[in-house]
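Below: one structure, written as structure tokens.
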Amino acid sequence: MKKLYFLAAIVLLGISTCYSQAEISTTTNYQQNFDAMGSDGIATLPMGWRIEKMTGATAQRVVGTYSTALEVTMYKGGANMSPTAKNGTYNFGAGDSITATDRALGGSATGAVTSTQGVNFYLHLKNTGAIDISDFTVSYDVEKYRTGSNAAGFCMQMYTSADGATWTSAGTDFYTFFTADAATAGAAAVPIQTEPVSKTLPVSVAAGGEIYLAWNYSVASGTSSPSAQQLALDNVVITGNITTGIAKIDSKDITFSDGILNVYNHDIQSISVTSISGLKLITSNNSDSVDLNSLKPGIYLISILDTKNNRKIIKILK
């Protein structure tokens, strides 16, 4: 019996070390406001999220690796942050650090290069739908919880990755910069400043595929991070988009007009019509046309299979 319990423990341990990703599809948005973290300083991040502080003389504006990042924060913070508050990763509250229910994921840099020079917030997403995502609409807030007099100012830049290790900047649309403040100090009302971001991210993810996002908080330039502003990420909303449908097709191979799709190829094995959620609605065998007039207005996928098992998939808007 003891051996059986030991084996079960090994299995559970193996499960706990597997990566867990958040889910998204063309029909289900991803949303995260971090409020479920509660007010603990060592707070567990939502599923799919990880956090990492970067240290070293050249660690400014550097994105690390998802696999080595942590699933918990180091400290809690909120109103009236001290100019000498501990550096590292934070669970910030919009008010009192203990009682505030509106939480955000943040960080605090410092001047010592052996300590925190930047913080990365990571998200691992999987397209669990049946349809490819052509691009994303990504919205979030960058919040300031302490002012900082470092002349370079501080910034938040978003990155993308296919594997969580090699990163590509998402560009200026996803770059948020805060100019230097007159002093390094907390405030009674926090966040002190909020900068919303909402832009299209031109990255595609196939059905069943995965994507990693990272937000890097760091000094905006140079290699000196004292008198740091404390920044946080909040209210993340991500929408998976699909390519705009085609209301009318007129080519030498296929026509679609008045609800009727015709294929000018007499070697057709089947034509099937599927909803964007993956539900098969119509199948026409051994015919070169299909009538879609019985379907409600919307976007549909048409799969055309010929007798040589060559398949073409098109998208239409009815």
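A few remarks follow.
- Test: residue in the range 117-129 that is in contact with a Gly (Cβ under 9 Å, 6 or more places away or on another chain), assigned to a loop (DSSP other than H, G, I, E, B) and either under 30 Å from Leu201 (Cα atoms) or modelled with pLDDT under 95 (or both): yes
- Those strands (runs of 3 or more DSSP E) of the range 209-318 in which at least 1 residues are without any contact (Cβ under 8 Å) to a residue 40 or more places away in the chain, considering only elements entirely within it, cover 254-257, 260-263, 268-275, 280-285, 289-291, 299-306, 311-317.
- Scanning the range 284-308 for residues that are exposed (fewer than 11 other Cβ atoms within 10 Å of the Cβ) and within 21 Å of Ala207 (Cβ to Cβ) turns up nothing.
- The residue list Val219, Val205 contains one member that is of a type in the set (Val, Ile, Thr) and at pLDDT 95 or above, which is Val219.
- If you go through the range 142-193 and keep only what is β-branched (Val, Ile, Thr), free of Cβ contacts under 8 Å to residues at least 60 places away in the same chain and part of a strand (DSSP E or B), you end up with Thr160, Thr168, Thr176.
Yes or no, residue by residue, for (1) farther than 17 Å from Val119 by Cβ; (2) open to solvent by 30 Å² or more (accessible area, probe 1.4 Å); (3) at pLDDT below 95; (4) within 14 Å of the chain's Cα centre (by Cα):
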{"position": "Gln157", "(1), (2), (3), (4)": "no, no, no, yes"}
{"position": "Gly171", "(1), (2), (3), (4)": "yes, no, no, no"}
{"position": "Tyr175", "(1), (2), (3), (4)": "no, yes, no, no"}
{"position": "Ala185", "(1), (2), (3), (4)": "yes, yes, no, no"}
{"position": "Ala189", "(1), (2), (3), (4)": "yes, yes, no, no"}
{"position": "Thr200", "(1), (2), (3), (4)": "yes, yes, yes, yes"}
{"position": "Ile211", "(1), (2), (3), (4)": "yes, no, no, yes"}
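- Qualifying residue in the range 109-122 (condition: farther than 17 Å from Pro226 by Cα, within 17 Å of the chain's Cα centre (by Cα) and open to solvent by 20 Å² or more (accessible area, probe 1.4 Å)): no
- Total residues in the range 144-183, condition of a type in the set (Ser, Thr, Tyr), in contact with a strand residue (DSSP E or B) (Cβ under 7 Å, 6 or more places away or on another chain) and under 19 Å from Ala220 (Cβ atoms): 5
- Filter result (at pLDDT below 90, closer than 28 Å to Thr128 by Cα and open to solvent by less than 80 Å² (accessible area, probe 1.4 Å)) within the range 254-283: Thr274, Ser275, Ile276, Ser277, Gly278
The values are calculated or read from the model by the stated rules, or taken from the named source; none is laboratory data. The shown structure was predicted, so the numbers you read here are calculated from the model rather than taken from an experiment. Virtual Cβ from ideal backbone geometry, glycine too; neighbours counted across all protein chains shown. Side chains are part of the model used for accessible areas, which takes the heavy atoms of the whole protein and leaves out ligands, DNA and RNA. Shrake-Rupley method; radii C 1.70, N 1.55, O 1.52, S 1.80 Å.
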